[in-house]
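Reviewing the structure listed below.
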Amino acid sequence: MRRLLRVLRNTVIVLVALAVLLTGFLRFVHYPNPIATVKLGLAPASKTPTLMPWHTIDPSTNPIAWPTSTEATPETVAWKGKQIKWQDFLDRTNTNAFLLVRNGVITYEYYKTGFSESSQLPSYSVAKTMTSIIAGQLIAQGKLKESDTFIKYFPELKTGTSFDRVTVQSLLDMQSGVGVSDNYPTGPAGWGVAIAQMYATTDLDWFMKNNRKMAFEPGSKSEYRSVDTMMIGMIIKAITGTTIADYFSENVWKPIGAKYPATWNVDRVGGTEKTFCCFNATARDYARVGLAVINGGQAGAKQIIDPVWLKRMTTPVTTLDDDWGYGAFVWHPFPGISQAEGLHGQYIFMNPKTRTVIVKLSDIPTGQDEDVATANVLLGVSNKLN
């Protein structure tokens, strides 16, 4: 019995020591505490908005009402070479919310059990397009230029290397060359790589200070890197002198007539928004952003996106994954189509030709590539193809 108690005591001591060491290490690398880190790494997409600190984005006090009507969905859709039933498509792609807007009218709305119109859902890299809208406003106001370098706003981060030549334009078009790759393994093996550190960090300034090595010369090629959007977010914060959430609320969210509050996850309360990801809102309010894009940058009588910047957002300037066009943090999977897209199956699909906006918010598991197949379905639905 004494031997058993001794073994148990020693086991507890070892476990406590390991926990203390792990907590100390995570604090050293500016990660959340062990429990928070594990929760964040294992949670499905839809559960992540409240697993990191956030800043609240206040909605309009006079939200724009959504007219609704009924439109029959396709009986079947082409999915990876086969025709499958519409509900099968929603189920196979782990859809939590699906919203179809034609000519400013909601014609179809679906929520998985447990979700509703008021459910706040993450967008992941759809947040990049939100960041683009803010950058465009500052450019239209003359407060920011695409020729500006990053170190113009952060001279303390000069390295004497090609990092010092990274411009706003190269960041907007994924051409900066900053060496934080978006490729990482799934599961715990991926938690230690730079992109995962940027996602989980409790100190983005510390992260940026320690991730200034270059993978290629600025402007020499295009490669999707979330750090580019994070750097634009840092510039926006420096120019506006306020939180990105507060700026977005006053200059985008309220003007588009958003009904519900949104949130933007931050490294720490009072810190910096993770502008490459981590914007969370309802399906209907995401659709309002898409509607502004296809309405010439307007929401009602308010000009949210300057016409010059809208052309910049809706015109591809380079080619990235899947040979899709890209520019100013917006994807262009097909000619004339603009798409905000995020990890785990988040989409705002915008088809100005048919005056259609589609929002799809999902829980697709990490590593399951559905982008091309999903985009083809969304294109068919936007064109009313069965």
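The values are calculated or read from the model by the stated rules, or taken from the named source; none is laboratory data. Fair warning: this is a prediction, and the values are worked out from it, not measured in the lab. Neighbour counts are summed over all protein chains in view; Cβ atoms, including those assigned to glycine, are modelled from backbone coordinates with ideal geometry.
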**Report entry** Hey, R288 more than 18 Å from the chain's Cα centre (by Cα) and crowded, with 20+ Cβ neighbours inside 10 Å or not
**Finding:** no
Query raised in the report: Is it the case that the range 362-380 has a residue that's crowded, with 23+ Cβ neighbours inside 10 Å and under 15 Å from the mean Cα position of the chain (by Cα)?
Result: yes
**Report entry** Top-ranked residue of the range 241-253 - restricted to ones that are surrounded by fewer than 19 Cβ atoms within 10 Å (Cβ to Cβ) and not small (G, A, S), ranked as nearest to V293 (Cα to Cα)
**Finding:** N251
Report task. Name the residue, out of D246, D267, that is touching a Phe, Trp or Tyr at 6+ places or on another chain (Cβ under 9 Å) and acidic (D, E). Result -> D267
**Report entry** Conditions (1) surrounded by fewer than 16 Cβ atoms within 10 Å (Cβ to Cβ); (2) in the same structural domain as A292 (by TED's automatic domain parsing); number of the one not met by G179
**Finding:** (2)
Query raised in the report: Where in the range 331-385 are the strands (runs of 3 or more DSSP E), entirely inside, with at least 1 residues that are of a type in the set (D, E) and either in the same structural domain as L90 (by TED's automatic domain parsing) or modelled with pLDDT under 95 (or both)?
Result: 338-342
Requested in this report: Would you check which residues across the range 291-320 are surrounded by fewer than 16 Cβ atoms within 10 Å (Cβ to Cβ) and part of a helix (DSSP H, G or I) and list them?
Outcome: P307, V308, K311
Query raised in the report: Take the residues of the range 37-60 that are in contact (Cβ under 8 Å) with a residue 60 or more places away in the chain and among the β-branched types (V, I, T): which is surrounded by the fewest Cβ atoms within 10 Å (Cβ to Cβ)?
Result: T56
Report task. Specify which of the listed residues (D228, D182) is at pLDDT 95 or above, in contact with a helix residue (DSSP H, G or I) (Cβ under 6 Å, 6 or more places away or on another chain) and either in a helix (DSSP H, G or I) or over 17 Å from G136 (Cβ atoms) (or both). Result -> D228
**Report entry** Cβ-Cβ under 8 Å pairs, at least 6 apart or on other chains, the range 95-119 side touching a residue at least 60 places away in the same chain (Cβ under 8 Å), far side among the aromatic types (F, W, Y) and assigned to a loop (DSSP other than H, G, I, E, B)
**Finding:** N96/F115; A97/F115; I106/W66; S118/Y260
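Residues checked against (1) assigned by TED's automatic domain parsing to the domain that holds A299; (2) polar (S, T, N, Q); (3) within 24 Å of S46 (Cβ to Cβ); (4) surrounded by fewer than 24 Cβ atoms within 10 Å (Cβ to Cβ):
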| residue | (1), (2), (3), (4) |
| --- | --- |
| K237 | yes, no, no, yes |
| Y260 | yes, no, yes, yes |
| K274 | yes, no, yes, no |
| F279 | yes, no, yes, no |
Query raised in the report: What single numbered condition from (1) under 30 Å from S222 (Cβ atoms); (2) of a type outside the set (V, I, T); (3) touching a helix residue (DSSP H, G or I) at 6+ places or on another chain (Cβ under 8 Å) fails to hold for P155?
Result: (3)
